[in-house]
Amino acid sequence: MNRNLTLKLGAIALLILLLLIPLLMINGVIQDRQQLRDGVLEDIARSSSYSQQLSGPLMVVPYRKVIRTWKTSEKTNQRYQEIGEERGRLYFLPERFELDGQVQTELRSRGIYQARLFHADNRITGHFSLPAQLGIKEDFADYQFDQPFLAVGISDIRGIENALKLELNDQRLDFIPGTQVGWLGEGVHVPLPHLDAKQNTELAFGFDLKLQGTGQLEILPVGKTSQVSLTANWPHPSFIGNYLPAQREVTDQGFTANWQTSFFSTNLQEALNSCVSRTSCEGFYGRSFGVSFIDPVDQYLKSDRAIKYALLFIVLTFAGFFLFEVLKSLAVHPVQYALVGVALAFFYLLLLSLSEHIGFASAYLLSASACVLLIGFYVCHVLRSVRHGLSFSAGLAGLYGLLYGLLSAEDYALLMGSLLLFGLLGVFMVLTRKLDWYGVGRKVEKPVAFDLGEVK
């Protein structure tokens, strides 16, 4: 290989490395804008309500147990009985738990940023089945029971949008703020009538809960058998948690999802006992499931994914330039390479700024069109041929189209990218199969036949 060709390839490689500087700066801008957006969404959620997790209802029965201890007097050496008291609580999960939720989403704007809030209109029903003597097998006479209550954990009580009333058998009772259970967190509770603890008790319950939140709605399946049904107008749900829906249907208008669990699949009773005895409730809360109402791929994530292909774009564009240079015996100056490379880098800045206002697809179309037109106009003069310039522009437009396909089909991105590179390598090898590389640098530049008139 002659010295001139080596210098040209070295200059092109140096330009590619230098162009990484503006690309890294643009990537930093993408990260900064994303963090700014996340901060605005956090402020909106702080002003309304955060993600919501519904835990409960649980039946809580406070008790007092008489403790009798026999001791021996040191003076009289006589035994006597000392009576003390132990306080505690019994916790019961529902035998059956059902939730039917209708969810509507809305957008809240602050500046150019938008947060998606949801409003869940839930109907919660089920029943408790309390065993005789509340499951206490020994010394039942030593127990005295205080007023029981029903507790419902709601992670952000600011999202409650209705006055809560519990339907318990034939009674209607008012909820009171606070769960009265420290490890259950925020929520509500309702005092219940005193129970006849000596016999089995069946309590059917139901209440309506309208809940507002941001981001995610999670539900803890507290029943021995639990059925949850959610219907929403959000067409891009991301199902989260430890259990996927048993049935789901997602359309352009929204989704419908149904979950079914049992104690055999959740082992929630053991998790509850661990939470009460060890005050470690990660296993209890970790058995929740739900749906996320966050756009899974926003414009910042798409822009970040797009800029990862920037180096490939620059290399392929420079390879096209170099191909014209060696096949048509043209001399393309490194400055001309650099200007085209900067134009390619500006595509990503245009894409980011436009996508914040008109959406990613429209922003991509406008940014790609602007860059193709600018580079095509410039290349027509560089290559001294409108025909060659249009051919180069068509190839560049095809690359932008393939990039959009890569961004849209994430699961097939590797396959599409591999086929693209292999195809371009094949085209390059076919076009240069008869080229004398030793004579490339010594060839004299000659005018190219120009069908449509010389470009001034």
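The values are calculated or read from the model by the stated rules, or taken from the named source; none is laboratory data. No experiment lies behind these values; they were computed from the predicted model shown. Because the Cβ atoms are built from the backbone with ideal geometry, glycine has one as well, and the counts that use them run over all protein chains shown.
Could you figure out which of (1) surrounded by 14 or more Cβ atoms within 10 Å (Cβ to Cβ); (2) part of a loop (DSSP other than H, G, I, E, B); (3) modelled with pLDDT of 85 or more; (4) touching a Leu at 6+ places or on another chain (Cβ under 9 Å) isn't true of residue 162?
(1)
Okay, residues lined up against (1) crowded, with 19+ Cβ neighbours inside 10 Å; (2) among the β-branched types (Val, Ile, Thr); (3) more than 30 Å from residue 89 (Cα to Cα):
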residue: 293; (1), (2), (3): yes, no, yes
residue: 304; (1), (2), (3): no, no, yes
residue: 307; (1), (2), (3): yes, yes, yes
residue: 318; (1), (2), (3): yes, no, yes
residue: 330; (1), (2), (3): yes, no, yes
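Determine whether region 230-253 contains at least one residue that is closer than 30 Å to residue 127 by Cβ, in contact with a Phe, Trp or Tyr (Cβ under 6 Å, 6 or more places away or on another chain), of a type in the set (Ser, Thr, Tyr) and assigned to a strand (DSSP E or B).
Checked region 230-253: no residue is closer than 30 Å to residue 127 by Cβ, in contact with a Phe, Trp or Tyr (Cβ under 6 Å, 6 or more places away or on another chain), of a type in the set (Ser, Thr, Tyr) and assigned to a strand (DSSP E or B).
Just checking: which of the helices (runs of 4 or more DSSP H) contained wholly in region 294-368 hold 3 or more residues that are in contact (Cβ under 8 Å) with a residue 24 or more places away in the chain and over 28 Å from the mean Cα position of the chain (by Cα)?
The qualifying helices (runs of 4 or more DSSP H) are 310-327, 334-358.
Just a yes or no: is a residue in region 155-173 among the hydroxyl-bearing types (Ser, Thr, Tyr) and under 26 Å from residue 64 (Cα atoms)?
The answer is no, given that none of the residues of region 155-173 is among the hydroxyl-bearing types (Ser, Thr, Tyr) and under 26 Å from residue 64 (Cα atoms).
Out of (1) outside any helix (DSSP H, G or I); (2) modelled with pLDDT under 85; (3) surrounded by fewer than 18 Cβ atoms within 10 Å (Cβ to Cβ), the odd one out for residue 258 is which?
So the condition that residue 258 fails would be (2).
For a quick check of your reading of the model, give me the residue pairs whose first member lies in region 212-229 and is in the same structural domain as residue 243 (by TED's automatic domain parsing), whose second is among the aromatic types (Phe, Trp, Tyr) and surrounded by 24 or more Cβ atoms within 10 Å (Cβ to Cβ), with beta-carbon atoms closer than 6 Å and at least 6 apart or on different chains.
213/118; 222/97; 223/97; 226/97
Quick grid of which residues meet (1) crowded, with 18+ Cβ neighbours inside 10 Å; (2) under 23 Å from residue 194 (Cβ atoms):
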residue: 91; (1), (2): no, yes
residue: 104; (1), (2): no, no
residue: 118; (1), (2): yes, no
residue: 124; (1), (2): yes, no
residue: 138; (1), (2): no, yes
residue: 146; (1), (2): no, yes
residue: 149; (1), (2): yes, yes
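Being within 20 Å of residue 285 (Cβ to Cβ) and among the β-branched types (Val, Ile, Thr) is the filter here; which residues of region 136-168 pass it?
152, 154, 157, 160
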